[in-house]
Amino acid sequence: MIKVIRLTGAIFILMFTSSCVSNTNHWPARHGQVIDENSELPIEGAHVVAFWKGIASYATEACFHIESAVSDKEGNFTIPAWTNTGEWTALKDQHVSFTIHKKGYVESDKTYGQEQTQKSKYFYLSPTSSADRISYINDLVQYKTCPESGDSGQNLVPFLKSAMSDASDAAKTDKDRLVVITLQRMIDSIEVGDDAAWEIWRNKKKELDIR
């Protein structure tokens, strides 16, 4: 399977290979490569996150597992195999969705709603202004939570830290910095728990001049 990620003036090409899945409770490893179209060189350091999801009662979507990877100097990455042996085996329409963050790049709207079986997925170079970058990062991480993921939620942390570093570099105003500390809250919620994370967030927010 091939997924293409296009940038303004550049393109990521993700070559996903895996055996056929005969049982949706077992998911084989997915291997990919990230390549710059202009230079035809691999892209290192792209954070790839895979979210396992399914339809629960009342047609609500549940996220129940996370895996992640970072592309190496050859642009290669592997999302490891995983077998669903827990309480989520009965979910309907189980599937995996992907999100990628790389500083300086932005997902295209063309990627939204595309299924894993489609051949193309596009990513464009991000706007250069800080305001646009902050807005993009805020949208990228919004709803990127997976409350039922258990210990696998830790796999989201490198992606969030990458996005937070990107936002921190772009932040110019206290409103921008609110996005940064909100990303930190998301990380803290995973690492130290919700109560402590919210307390830290509230204290940091007091230092900002936001009306």
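Structural remarks
- Exposure proxy ranking for Glu67, Glu199, based on other Cβ atoms within 10 angstrom of each Cβ and starting from the fewest, stands as Glu199, Glu67.
- Two-site label geometry, Glu74 and Lys161: point separation in nm, points 7 Å out along Cα→Cβ: 2.5
- Per-residue Karplus couplings for the range 155-166, computed as 6.51 cos²θ - 1.76 cosθ + 1.60 with θ equal to phi - 60°, are listed in order as 5, 7, 4, x, 4, 5, 5, 5, 5, 5, 4, 4 Hz, Gly and Pro entered as x.
- Sparse packing (at most 10 other Cβ atoms within 10 Å of the Cβ) combined with a DSSP loop state is found for the following chymotrypsin sites (Phe, Trp or Tyr not before Pro) in the range 130-211: Tyr143.
Readers should treat all values here as calculations from the given coordinates under stated rules, not as data from a laboratory. None of these values were measured; they are calculated from a predicted model. Positions of Cβ are backbone-derived with ideal geometry, glycine not excepted, and every protein chain shown enters the neighbour counts.
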